[in-house]
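The values are calculated or read from the model by the stated rules, or taken from the named source; none is laboratory data. All of these numbers come straight from a predicted model, not from anything done at the bench. All Cβ positions, even for glycine, are placed from backbone atoms using ideal geometry, and neighbour counts span all protein chains on display.
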Amino acid sequence: MTEKIIHIKPNNQNIETWVAINNDEVVGHIYMMIENDRRIKFLDAWVHPEHRRKGIYRNLWETRWSHVNENYKGYLVYAWCKDSSLQLLTEKGFESGDICTYVEKVI
């Protein structure tokens, strides 16, 4: 991997960020939110279309996962995910809940 992953500590909304950088360009990012009652919500991830299918998403995910396992023992971690990400989460021991479908309409 030629990307460098940088961890940005929590901001005032308790959001932690990991950014993948390649040649001074952001090529991906992943977030998590630290909530009350020892809960962590895994938030959005994104990889630039020109850099997809190169393992960047998995590297970002694994970096965040290692951080959580080292620093947040006893916390409940949860996420909403796309079908394309479900395999990675179940591989890590997450259990599937109800399925949701995104809908939209221009008014």
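Under the condition of being under 16 Å from His51 (Cβ atoms), surrounded by 12 or more Cβ atoms within 10 Å (Cβ to Cβ) and modelled with pLDDT under 95, the residues counted in region 1-21 number 1. Go through region 35-51 and give me each residue that's buried (at least 18 other Cβ atoms within 10 Å of the Cβ) and within 20 Å of Asn11 (Cα to Cα). Passing the criteria: Ile40, Phe42, Ala45.
In region 62-105, the qualifying residues are those that are in contact with a strand residue (DSSP E or B) (Cβ under 9 Å, 6 or more places away or on another chain) and of a type in the set (Gly, Ala, Ser), and the one that is farthest from Tyr31 (Cα to Cα) is Gly97. In region 79-107, of all residues being of a type in the set (Lys, Arg) and either more than 14 Å from Phe42 (Cβ to Cβ) or modelled with pLDDT of 85 or more (or both), the one that is surrounded by the fewest Cβ atoms within 10 Å (Cβ to Cβ) corresponds to Lys105.
Among the numbered conditions (1) within 27 Å of Ile6 (Cβ to Cβ); (2) touching a residue at least 12 places away in the same chain (Cβ under 8 Å), the only one that Lys82 does not meet is (2). Taking region 53-74 as the range and being without any contact (Cβ under 8 Å) to a residue 40 or more places away in the chain and within 21 Å of Glu35 (Cα to Cα) as the test, the residues that pass are Trp61, Glu62, Trp65, Ser66, Val68, Asn69, Glu70, Asn71, Tyr72, Lys73, Gly74.
Reported count of residues in region 52-78, each being exposed (fewer than 14 other Cβ atoms within 10 Å of the Cβ) and of a type in the set (A, V, I, L, M), is 1. Scanning region 39-72 for residues that are among the small types (Gly, Ala, Ser) and at pLDDT below 95 returns Ala45, Gly55. Of the strands (runs of 3 or more DSSP E) lying entirely inside region 1-58, the ones with 2 or more residues being more than 15 Å from the chain's Cα centre (by Cα) are found at 15-22, 25-35.
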